[in-house]
């Protein structure tokens, strides 16, 4: 590509033309309005029928610090982070320019605002520089200072329409859809897009070798955030109460629930809300409200992140021991302590599995897509009711706060909720006696009632202290032990209801197995394909729930070498597998990633490929 006004210097290598397979990254200032423009860019590519995976990498302050937005475009449908640098960097933040320049692949492109000269220290001889006077364009065409800042982002999106082939009409349609209720904003946004397109086409004699070609691969697909899917799933699950305390990155779960409840939880006759949303004074109080609502028969939930789970430990133990259903959506972030609150991790596994003091175990669910966030949120309420125990859905910031492609959500209107073993007044009248903690069916799950189910019998009574089968307080050690053994039996019963692992068998040789869970899925699958291109065929197993199913032990036993991919430092899932399944820890090799960014296919491939030969030779 030749700039009509470019200066003479050594020419960097020229990339081969690439269609629908490259990474674009935007470097902006937080609070500058760039997120909307960058999202417009990603959404336009999706509407063009091209698989796209956008990720917002933002700081924890309100404004002023560097923020990035990475968009992977891949017509083979690889939606995890690729790793290995980016082909096109759009940099409008001088604070991060040194870092941004370093991330561009050899032969790649660096688009910057050349209203101001670029410093020599940011110049590399092996990449191409695309200078456009973004500040000058907006200052010349918009008088309002806020508009000058905001529309700078829209201008570079318009420039990309010329440079890489984003469909301009699609961009205009997104502007129209976005500002349907604010018509006066449509014209200046379209004007900014056109200014950017014209500036690029007049400045450069050719487009980039990175090009988009419209396809039809997104039919039946949607772009959706995991947190939005969880909020919608809670509504479809029949939840009527949400008690929460704001914390990044889970706040938008409660916000999504409120958004959808306003549409689907309002009585059409009276206009009254059939739902309650309570912002508690802290996370512990929020969970206490959830337990109280569930005890009364309402389906209730809360959403939080790692620090909130820490504060909720006491009440999680209460719900476990008194056997009251509760649903908790944990959108994980980096820790310990405050950590990096706007970065992603899978680091709450141990704390969630064994939350609270004493002998406790909690059912965990591990979604990998927004579609699974929806489905597993619904399943969480059924599991909590059926098992009369807390169920924790472990999402993470990458899944929760970024848009991902998934299949359109579906719902069977004939689907019935599983409320579990709940007795009504008529059933109680037919019983000679009722014991709240009496195991009638031999599965560890007792019968319960909702508060006020019977005018005379206090059968709804629950205890968080040691008790006998009739919920009478006791300090008899034998009775306590009998109760704890029943809870352990219930834990085994939970395997009948928790979703089993997903196993993909590619080779009967069973030499290499890879275990993963949650948002490691996409990058792991791509790394498996890369391994196959190097002659190493691997089978994989994706964990969907805890307690663990027998298939996991069988998978490990049947493979000579097994890798476990997880996004934390201390191999928490490995520890849980070893502890719960009595696995020899030497049979599992950890692939760990914990820098706060979503794990990439390149990182997984590099880790596994460098140790394969030695691992197969020395496998236990």
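Side notes on the structure shown:
- Rounded to the nearest 5, the antiparallel percentage of DSSP beta bridges internal to the range 327-478 is 10%.
- Gain in span if fully extended, residue 438 to residue 206, counting 0.36 nm per residue against the direct Cα distance: 75.8 nm
- Kirkwood hydrodynamic radius of the chain, Cα pairs, Å: 26.6 Å
- All C-alpha pair distances within the range 480-549, sorted into 5 Å bins from zero, spread as 4, 15, 19, 16, 13, 10, 8, 7, 4, 3, 1, 0 percent across the bins.
- Each DSSP beta bridge with both residues in the range 467-612 is either parallel or antiparallel, and the antiparallel ones are about 20%.
- Note on the range 18-211: Kirkwood radius taken over Cα pairs, Stokes-Einstein applied at 4 °C and 1.567 mPa s, translational D equal to 77 µm² s⁻¹.
- Computed Kirkwood radius, in angstrom, where 1/r is averaged over Cα pairs of the range 339-429: 15.6 Å
- Antiparallel DSSP beta bridges within the chain, as percent of all bridges there, nearest 5: 35 percent
- The range 520-540 residues near the modelled residue 508 label - backbone nitrogen below 14 Å, point 7 Å along Cα→Cβ: none
- Helix-derived mean residue ellipticity, 222 nm - over the chain, DSSP H n ≥ 4, -39500 (n - 2.57), to 500: -11000 deg cm²/dmol
- With only the Cα atoms considered, the range 73-123 has a convex hull volume of 99 Å³ per residue.
- Measuring spread by the Cα atoms of the range 113-207 yields a radius of gyration and Dmax of 14.5, 48 Å.
- Coarse-grained scattering of the range 224-407 at q = 0.13, 0.18 Å⁻¹, given as base-10 log I(q)/I(0) from a Debye sum over alpha-carbon atoms: -0.56, -1.11
- Value of D in µm² per second that Stokes-Einstein yields for the range 502-618, Kirkwood Rh from Cα pairs, at 37 °C (0.692 mPa s): 232 µm²/s
- Taking the C-alpha atoms of the range 132-270, convex hull volume expressed per residue in Å³: 193 Å³
- Take every Cα pair under 8 Å whose residues are at least 6 apart in sequence, average their separation, divide by the length of the range 62-141, and the relative contact order is 24 percent.
None of the figures in this text is laboratory data; all of them are computed from the coordinates on show. All figures in this text were calculated on a predicted structure; none of them were measured in a lab. Glycine gets a Cβ as well: all are built from the backbone with ideal geometry, and neighbour counts include every protein chain shown.
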